[in-house]
1. Would you calculate the separation in nanometres between label points at residue C:699 and residue C:46, each defined as 7 Å from the Cα along the Cα-to-beta-carbon direction?
2. What is the interface area between chains C and A, defined as buried accessible area summed over both chains with a 1.4 Å probe, reported in Å² to the nearest 100?
3. Take the Cβ-Cβ distance between residue B:48 and residue C:654 as r, set R0 to 25 Å, and report the resulting FRET efficiency rounded to the nearest 0.05.
4. Please report the base-10 log of the normalised intensity I(q)/I(0) for chain A, using a Debye sum with one equal scatterer per alpha carbon and no solvent, at each q in 0.08, 0.14 (1/Å).
5. Please list C:7-15, C:323-331 highest first by mean number of surrounding beta-carbon atoms within 10 Å per residue.
6. Give me the percent of Cα-Cα pairs in chain B that sit more than 23 Å apart, rounded to a whole number.
7. Provide, in order from the shortest bin, the percent of all Cα-Cα pairs of segment C:1-104 in each 10 Å bin, continuing until the bin that contains the maximum pair distance.
8. Using a 10 Å cut-off on Cβ atoms, rank the peptides A:150-156, C:314-320 from the highest mean neighbour count down.
Amino acid sequence: MAECRSPAAAFADRFDAASKGGALRLAELPFLTQVDIRVDPASPAAKDIGAALGMPLPVAPGTTVISGDVTVAWLGPDEWLVIGPEGYRFDLLRKALGERHGSVVDVSAQRTTLLVAGPRARDLLAHGCALDLHPTVFGLGRCAQTMLARAQVVLLPRQDGLLVLVRSSFAAYLAEWLLDAATEYLAPRL
Amino acid sequence: MMLLIPCPWCGPRDEAEFHYGGQAHVAYPENPAALSDEEWARYLFFRDNPKGAFAERWSHSAGCRRWFNALRDTATNEIHAVYRVGEPRPVTS
Amino acid sequence: MRRESGGRVDRSRTLRFRFDGQDYTGHPGDTLASALLAGGVRQVATSVKLGRPRGIFSAGSEEPNAVVQIEEPFPEPMLPATTVELYDGLVASSLPGQGRLATGPDPARYDAVHAHCDVLVVGAGPAGLAAARAAASTGARVILADEQPEPGGGLLGAWPADVVEGLLGAEWATATAAHLKALPEVRVLARTTVFGYYDDNYLVAVERRTNHLGAAAPAHVARERIWRIRARHVVLATGTHERPIAFAGNDLPGVMLAGSARTYLNRYGVLPGRRAVVFTADDSAYAAAFDLADAGVRVAAILDVRPSPGEALAREVAKRGIVLLAGHVVTAAQGDGQVASVQAGRHRPEADPAVAEHAFDADLLLVSGGWNPVVHLFSQSGGRLRFDETLGTLVPGDSRQAVEVAGAARGVDTLSGCLADGAAAGERALGGQAAAAAPPPVDVPTAGGQAFWLVPASDYAAHFVDMQRDVTVADLHRATGAGLRSVEHIKRYTTAGTAHDQGKTSGLLTTAAVAHALGERMGELGITTFRAPYLPVSFAALAGRDRGPLHDPVRVTALHDWHVANGALFENVGHWKRPWYYQRVLADGRLEDMETAVLRECRAAREGVAMMDASTLGKIDVIGPDAGEFLDRLYTNLMSSLAVGSIRYGVMCRPDGMVFDDGTVIRLAEDHFLLTTTTGNAAAVLDWMEEWLQTEWPSLRVYCTSVTEQWATVALVGPRSREVLAGLAPGLAVSTADFPFMTWREAEVAGIPARVCRISFSGELAFEINVTSWEVSRLWTAIMDSGMVTPYGTETMHVLRAEKGYPIVGQDTDGTVTPQDLGMSWVVSKKKADFIGKRSFSRADTVRAGRKQLVGLLPEDPDFLLPEGTQLVSTDVPATVGTVRGGAPPRTVPTLGHVTSSYRSAALGRTFALALVSGGQSRLGERLYAPVGDALVPVTVTSHVLYDPEGTRRDG
């Protein structure tokens, strides 16, 4: 992907600088494979797609299933987002669906992935996210589509922070917003 | 305002995540061509506006993008019930 | 004056400040008000209407009088001096009623944060602290918010000597708050005022984080923070406000609420006067009198309106040698600019009002009419208030929200009672019990207060009710005399309660005075509605970080940086920034103007080759066995008949038949389509599709997925576009025969996998090349490297499409326009049994003659550019050739329509416009007039297709 350009590429240096204080780690994780799956969860096709993924499609709202470097996030009662590494073979998912009714769409470039991690990650996001981000409420294994500032996002908790998936056209806005929100966490505390 | 609306899928979320869809249970007519102008206008333009319990449609547009129905008291904003599309309007006291 | 010791100020440090040009000092722990009193300042403001001197009336946020202007470090208008924490370098001045906004921008940061908790406790007095501690003891998530810099509430001023759990009250408060702060799930917010209570236990608070640091405030820390709190349960321990009494001269500096004087003494170590008279209807003022007397204030007399205060109090009074006049009232406070003497007499009815029988020299007149629970937030929650005849005030009733009120805020008036009531409320909060389940107050009010609001008099012109608005009892009588009965009406008639204290001390007093005038009961009249905000909140805090570039999201395409670097000016389309036109640097170093740039770009597209970033078009992937059927129902034309590999333009209408959106439909496979939408409508169209699929047609097997930003689109336009594409896509057969209009091909363009569509929005030969948004920069650069292509922006796109009569949804339409009105009957299927909007095309309104229809307009002066939005009138108006100066038509001339788009055309060599005109399609050739300023500009109606109507150019 050397010749590709990711939506938040211009922010790499500022993300790095903001990550030096220890309170936060900000980074774009560019070029992840993202696949939107639509299928009846009760159908054999869903089961076959689960088999191809190596894990079942999660049916509980707001949950994810993670296996290795692939995450499957519930987006709706018949919609999931698969997030895998660059080069992930999503064509195998399409193959697993076959001719049956369903949808496997490459949306890798539709959103980019921002890592917001570090001890103050959840405090940072709470400036613009109305969800309860407390780790006991929104911990590993959860996911949510919601608003962060004025951008729609998918939030995926990670061990020490969260992944924020944002539409590519909103990425620069959200990066600016995150960096601005981080101002207070980057300097010595009051 | 700033309601907490219980999405039947995602659970309670701020109203800012939702899109209002007006009165529920106003079905698209089976055969519009068979309707008189007046009947068609009634479908297009006429909606109830009660004070009290009102069955209305909402879409969790910033979340799971599902449409659902809610029984909301228009005077107090209390949401007595939410139910998925296709489910009957719950009976409330 | 400041005492040698006592209070909670830190005398080891001195803070310097300036008020009205004079230098003063104070200490950490002071408010501006306490420091001014310590400095002997009596008058701190002038009233807004009458210009009367005003002093410090209270010690808290209920202050109606002492409103000051902060000058430095940053100008802020109208802050109560009682709420301004003192800091070094503060410069303030007294206000003649109104403040001044800062003229420069505010350099401070402001922000907002969302928070969630099991229990939110508002108020950190004894009840609030006890509630928070009880709730937190189980590990619950608790937020405790208090507007003061330190916890304690009434413990700081009223009950300084009371011992709680072995500690002095204020020490217990500090220790309890520290204990709470140390708990991982508890957040203690000082300097935080909860100012709004909304549905579903959503409360909003403002935290003043660095205001008290003055110029030393660190720039990176938000000065004020808005907390948006969603609480499972709320405990309101908001305390009380002391009630004033209306009597003649009750607004003079030196008249002060008794409990506030006690606070100045006990909390700040300040004596607010030397010689005091106390006027009360309530026991609590005795405690104030005793504290002040014991601290060296000469208490000349206590005037108690009640027949007798009781033996115990009388003994304490006698012990201190204070004169006690029971059954007496103040008949007037007098003095030049401040209280100098107090006249008193026996309390008598209005028909035969009290006369001055005694006069006392005094510089301080302490007043207590009893206490009002602070029920503002409770009322905002939707809670009902009840008028308690015993307390003579409003107390909280029941609420449908999960809230309860604890301590003094519901009438408990002893310290032990508040502690017990708070703890019980905290425990109940966790049990999730409704407020209705709360037991009655632990202590029945014992103060033995008598509801007493105003001293009867023959003249009420100096009985002030709302001191901030200069409203007197006489003003209220004028309102009731005019026939007003509702307190809401009287509020608006007199402005009582509309100042920025929102009637905290005057609200119930107004009701009492009105009830008195009308001979009605206060409980029947009620009080004006309590609304947010409880305290004034700065707009800067409410705006927070939603300022400047973060005010509204900006959406950009993957090519945005290139556009910026190459002279693009941008147009806002929805949230998108789209290149409007590219401004070139001319040979002489000047920048091209817009007209020149657009004509240049248009010529390139019509005569050579040009390209545009069309990535903002909405794109929706539609798949499923019923996809064709679904699109047939959505679009006015037939989509299921589209061949795989082909493309069709389509229009979507609302059920009322009005155009909603337009775009192209690409058939990728038998069951698979890709739609484009207009830039502004991408989300709306996807929502629309989901709405019909989910709510009306769940049996249709179709899935829709947004791919708007997955794909970037470059429109390559012009007679030489084929040549450029051929050079970049050697594997693609580009001839008209191999690649006909309205078909698409997969190909590698510049080595990038692409879907190339032969679509034209300009009438010229054109290709739309779609690649992933990650790769479009490479594609764009490769096209530019051909050296043949001129980039163009949305203005040129608009001109090109308008020359062809292609409407823009939302510009040439406005929600009242059918496809037929746009001259597009051809896009409305006659074959389909139904589609959304079809039935409406036979409604009387949509078939009537005289509907506004899209036409072209040619101004008779080919250089005259009609402003978009210009109205059009008919030839019925007498007009001379050319422009009629000053000849605006009479008012009865009907407007026939308006200009929707207007441009200069390079291809036509003149200006032209599109317009919606009544019966327009039957007016071709007719002359109409466009009133522009004072002129009537003659225009000729033409077909809306002005350029290449035969369509000869689309194949190059």
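1. My value for the distance between the label points is 8.1 nm.
2. 4200 Å²
3. Working: r = 20 Å, r/R0 = 0.81.
Plugging the Cβ-Cβ distance into 1/(1 + (r/R0)^6) gives 0.80.
4. -0.27, -0.77
5. C:323-331, C:7-15
6. Values: 1293 of 4278 pairs.
More than 23 Å apart: 30 percent of the Cα pairs in chain B.
7. Percent of pairs per bin, in order: 16, 50, 28, 5, 0.
8. With the highest mean Cβ count within 10 Å placed first, the list reads A:150-156, C:314-320.
The values are calculated or read from the model by the stated rules, or taken from the named source; none is laboratory data. Everything numeric here is computed off the predicted structure, so don't read it as measured data. Note: ideal-geometry Cβ built from the backbone for every residue, glycine included; neighbour counts use all protein chains shown. Keep in mind that these areas ignore ligands, DNA and RNA; they rest on the heavy atoms of the full protein, side chains included. Shrake-Rupley method; radii C 1.70, N 1.55, O 1.52, S 1.80 Å.
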